[in-house]
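Some notes on the structure that comes next.
Values in this text are rule-based calculations from the coordinates and carry no lab data. On a predicted model such as this, the values are computed, not experimentally measured, just so you know. Cβ coordinates were reconstructed from backbone atoms using ideal geometry, including for glycine residues, and neighbour counts include every protein chain displayed.
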RNA sequence: GGCGCUAUCGUCUAGGGGUUAGGACGUGAGAUUCUCAAUCUUAAAACCCGGGUUCGAUUCCCGGUAGCGCUACCA
């Protein structure tokens with residue numbers, strides 16, 4: 001969703017600005033939640049936003065392909081051997097130990113701590129188990145986890161967004177590195193552990209991520225220290241919340257990148273919007289940014305630590321701005337999919353239809369926040385039901401006036417007598433004639449005509465609408481022409 | 001419960017010991033138009049609370065409150 005997208009964007013911007021590499025690593029150590037299709041969606045979303053990565057996992061089915069970049073493989077599920085090897089190293093150096101406590105034991109330990117209002121921290125029961133006992137347990141095939149020994153010192157690190165963060169050591173359990181394995185099957189390593197290993201091995205200099213792992217970061221730092229590795233720089237981004245101030249989730253509807261795309265938001269608008277969720281430019285005033293402009297302006301120092309509420313209204317505003325900057329051809333091409341059933345498939349469409357549709361999009365695009373709203377706005381071009389139009393409340397009042405009937409019959413007379421396509425000039429002349437002949441002017445004159453032509457009282461100016469209707473009518477795609485519309489409407 | 005993070009208009013933010021607290025989105029009004037949209041003009045709208053430091057605090061410090069996170073053999 002947009003929160004993850006923002007994290008990716010900030011990483012990408014930071015890498016581009018500082019001349020670094022943007023690395024895509026797939027963290028799939030939990031089997032149920034990791035499915036190939038999620039991965040494909042992620043790649044697609046990133047590319048749609050324009051965030052190409054410098055290093056990343058293989059996208060082929062070739063098992064020996066380690067992906068793009070020198071530090072592959074980039075899927076954690078393909079790196080298990082590495083994690084295991086490093087765990088053994090820590091074990092051998094006695095910086096980690098085997099913990100034979102069962103989940104039940106740990107659970108009851110925690111319940112007791114809770115009842116006594118004490119911090120829920122692992123007791124360290126297995127921490128200094130005599131070698132003999134360890135060996136005996138291991139020989140007996142007793143399942144175990146591997147835990148890291150946390151020292152007595154407070155754990156601290158510097159965060160580029162939050163400043164210095166410190167956690168007292170007694171508030172931190174010895175973290176589990178490797179989950180319980182089964183006989184001869186090593187357990188799966190835990191996220192907090194693999195992340196530290198990978199970041200170190202892949203030469204990550206800056207870890208820019210959401211703030212959920214903030215409290216876990218000291219544990220990761222402890223892992224670095226256990227290996228004697230230099231810690232990277234950390235930057236923890238604030239959470240993005242939904243309009244109800246709760247963290248973004250499926251509940252908040254269409255906040256996934258794929259959903260925004262499907263609604264017809266432009267990638268540059270989405271990028272612009274999420275860039276501004278938690279970051280502001282130096283002058284505090286500029287609001288519209290392209291990706292290259294963001295690369296120029298972006299610094300981690302200016303990232304806000306406080307959570308931000310995602311607001312569709314602002315995305316809409318930005319989208320309108322970027323729609324205004326997009327070429328009509330591109331907009332038409334993007335909008336095509338929303339006119340399924342009304343237009344032929346894009347591949348089958350003649351040049352004339354394509355050109356006409358570009359006109360249509362240009363005529364209506366200023367009225368929409370996102371491209372999928374184009375369809376309801378422009379639907380009447382493809383015809384409408386006169387009875388329904390007459391019945392509509394806002395129309396019936398207009399049509400009830402005597403003047404409306406006069407205007408309509410005058411208009412129908414002229415339309416019937418006119419065989420060629422109606423041009424804006426001709427139409428304007430008609431309206432002037434009717435006005436002069438009947439003395440009806442302004443709204444009373446134009447409203448009925450507009451309703452007869454479009455079925456509604458609101459819409460684009462006639463000078464542009466008339467050519468679009470007549471142009472469509474000439475195309476044999478089921479668009480009724482001016483005369484047909486008037487006759488049908490008056491005939492009811 | 002413990003620990004951590006956060007707190008400026010409705011929303012995103014700028015700012016910072018003395019400011020008319022700035023901008024954008026949204027909202028209201030007006031101009032324009034047959035109408036809608038766009039456009040232009042314009043208005044309303046904010047420093048969470050309490051204490052301390054200080055001549056002065058929205059800004060610094062402490063506490064409270066609220067929101068969020070971590071406290072998992074989730075990521």
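What nm distance separates the two modelled labels at residue A:416 and residue A:476, each placed 7 Å from Cα along Cα→Cβ?
Using points 7 Å along Cα→Cβ, the separation is 2.9 nm.
Go ahead and run the numbers for FRET between residue A:230 and residue A:311, Cβ-Cβ distance against an R0 of 51 Å, rounding to 0.05. Before the final figure, lay out each step's value.
Numbers: r = 40 Å, r/R0 = 0.78.
The formula returns an efficiency of 0.80 here.
Please check which bits of region A:413-451 a label hung off residue A:487 would reach, taking the label as a point 7 Å along Cα-to-C-beta and the cut-off as backbone N under 11 Å.
Once the point is set 7 Å along Cα→Cβ of residue A:487, A:415-419 turn out to lie under 11 Å by backbone N, inside region A:413-451.
For region A:17-77, place one equal point scatterer on every Cα, skip the solvent, and apply the Debye formula. What is log10 of I(q)/I(0) at q = 0.17, 0.20, 0.27 Å⁻¹?
For region A:17-77 at q = 0.17, 0.20, 0.27 Å⁻¹, log10 I(q)/I(0) is -0.61, -0.83, -1.30.
Restricting attention to the alpha-carbon atoms of chain A, what are Rg (one decimal) and Dmax (integer), both in Å?
32.6, 112
How high is the relative contact order of region A:124-275? Use alpha-carbon pairs under 8 Å, at least six apart in sequence, and give a whole percent.
The normalised contact order for region A:124-275 reaches 19 percent.
In whole Å, how far is the Cα centre of region A:231-271 from that of region A:299-361?
So the separation of the two Cα centres works out to 18 Å.
Rounded to whole Å and sorted largest first, list the principal axis extents of the Cα atoms in region A:432-480.
Here the spans come out as 38, 20, 15 Å, largest first.
In what sequence do A:457, A:236 fall when counting other Cβ within 10 Å, fewest first?
A:457, A:236
How far apart, in nm, are the 7 Å Cα→Cβ label points at residue A:105 and residue A:385?
7.3 nm
In region A:49-137, if every C-alpha pair distance is counted and binned at 10 Å from zero, what percent goes to each bin?
Pairs per bin, as whole percents: 13, 25, 23, 19, 18, 2.
Ordered by packing density, taken as the mean number of other Cβ atoms within 10 Å over each peptide's residues, highest first, how do A:171-178, A:203-210 rank?
Top to bottom by mean Cβ count within 10 Å: A:171-178, A:203-210.
Quick check on the exposure proxy: order A:195, A:161, A:309, A:146 from fewest to most C-beta atoms within 10 angstrom.
Values: A:195 23, A:161 20, A:309 15, A:146 26.
The order, fewest Cβ neighbours first, is A:309, A:161, A:195, A:146.
Over the alpha-carbon set of region A:345-460, divide Rg by the Kirkwood Rh and report the Rg/Rh ratio to two decimals.
On the way: Rg = 16.2 Å, Rh = 16.0 Å.
On the Cα set of region A:345-460, Rg over Rh gives 1.02.
What distance in nm separates the two pseudo spin-label positions at residue A:44 and residue A:433, each 7 Å out from Cα along the beta-carbon direction?
Those two pseudo-labels are separated by 5.5 nm.
Distances over 19 Å make up what percent of all Cα-Cα pairs in region A:153-257? Before the final figure, lay out each step's value.
Working: 2983 of 5460 pairs.
For region A:153-257, the share of Cα pairs beyond 19 Å comes to 55 percent.
Starting from the Cα of residue A:89, move 7 Å in the Cα-to-Cβ direction to define the label point; list residues of region A:182-215 whose amide nitrogen is under 15 Å from there.
What the label zone holds, given the 15 Å backbone N cut-off, is A:193-204.
Can you give the helix-only mean residue ellipticity at 222 nm for chain A, where every DSSP H stretch with n ≥ 4 adds -39500 (n - 2.57) and the sum goes over all residues, rounded to the nearest 500 deg cm²/dmol?
Working: 21 runs with 230 residues, N = 492.
That comes out to -14000 deg cm²/dmol.
Restricting the count to DSSP beta bridges whose residues both fall in chain A, what percent are antiparallel, rounded to a multiple of 5?
Details: 16 of 27 bridges.
Counting DSSP beta bridges with both partners in chain A, the antiparallel share is about 60 percent.
Given Cα positions, please report Rg to Rh for region A:1-112, the hydrodynamic radius being the Kirkwood one. Intermediate values should be presented prior to the final figure.
Working: Rg = 18.5 Å, Rh = 17.0 Å.
Ratio of gyration radius to Kirkwood radius for region A:1-112: 1.09.
Relative contact order of chain A, please, whole-number percent, based on alpha carbon pairs below 8 angstrom and at least 6 residues apart. Walk me through the numbers on the way to the answer.
Working: 644 pairs, mean separation 58.6, N = 492.
The normalised contact order for chain A reaches 12 percent.
For the ranges A:269-276, A:105-112, A:283-290, what's the packing order if you count other beta-carbon atoms within 10 Å of each residue, average per peptide, and put the highest first?
Values: A:269-276: 24.1, A:105-112: 13.5, A:283-290: 11.8.
Highest-to-lowest ranking by the protection proxy: A:269-276, A:105-112, A:283-290.
What percent does the relative contact order of region A:347-445 come to when contacts are Cα pairs within less than 8 Å and at least six residues apart?
Once normalised by length, the contact order is 20 percent.
If you count, for each residue, the other Cβ atoms within 10 Å and average over each peptide, how do A:186-194, A:472-480, A:137-145 line up from highest to lowest? Mind showing how you got there, number by number?
Numbers: A:186-194: 19.9, A:472-480: 16.6, A:137-145: 13.9.
In decreasing order of mean packing, A:186-194, A:472-480, A:137-145 become A:186-194, A:472-480, A:137-145.
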